[in-house]
Amino acid sequence: CVLVQTLRIERSISEEPVGFEQCVEKDLEHTEGRLQMEEFPLPEFQATYLRFIIKSAFDHFVSVHRVMAEGT
């Protein structure tokens, strides 16, 4: 991503995307002119849906270029 200051990841284990609970919230480093690349190692858990919330930014506009979630 670019210019994201605070990011929260939430999960839902419901069959529908409801009842989300927070997994992690993290302040990202400001990387002037470069992509912000972050890993969020989480303890083993089950999730049907993930929700990514950009809580704050370093500027008026941000961009997310790629999201990868690995698991079984």
inquiry  = Relative contact order for the chain: what percent, with Cα pairs under 8 Å and sequence separation of 6 or more?
reply    = 47 percent
request  = Tell me which residues come under 5 Å, amide H to amide H, from CYS23 once H is placed; ignore anything under 5 positions away on its chain.
outcome  = ILE9, GLU10, ARG11
task = Taking only protein heavy atoms into account and a 1.4 Å probe, give the accessible area per residue of the chain in Å².
result = 82 Å²
ask   = Which whole number of Å³ per residue matches the convex hull of the alpha-carbon atoms in the chain?
value = 99 Å³
inquiry  = I need the trypsin sites (Lys or Arg not before Pro) found in region 5-39, filtered to DSSP loop residues with at most 16 other beta carbons within 10 Å of theirs.
reply    = ARG34
query = Full extension from PHE52 to ASP27: what is 0.36 nm times the residue separation minus their Cα-Cα distance, to one decimal in nm?
reply = 7.7 nm
query = What's the FRET efficiency of GLN5 with GLU39 using the Cβ-Cβ distance as r and R₀ = 22 Å, to the nearest 0.05?
reply = 0.80
message = With unit charges on the beta carbons (Lys and Arg positive, Asp and Glu negative) and the dipole taken about the Cα centre of the chain, which residue among ILE54, MET68, CYS23 sits farthest to the positive side?
response = ILE54
key: Accessible surface of region 4-57, 1.4 Å probe, proportion on carbon and sulfur as whole %   = 46 percent
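The values are calculated or read from the model by the stated rules, or taken from the named source; none is laboratory data. If you're wondering where the values come from, they're calculated on a predicted model, not measured in any experiment. Please note: Cβ atoms are built from the backbone with ideal geometry, for glycine as well, and neighbour counts cover all protein chains shown. Quick note on the areas: whole protein, heavy atoms, side chains included, nothing else; ligands and nucleic acids left out. Shrake-Rupley method; radii C 1.70, N 1.55, O 1.52, S 1.80 Å.
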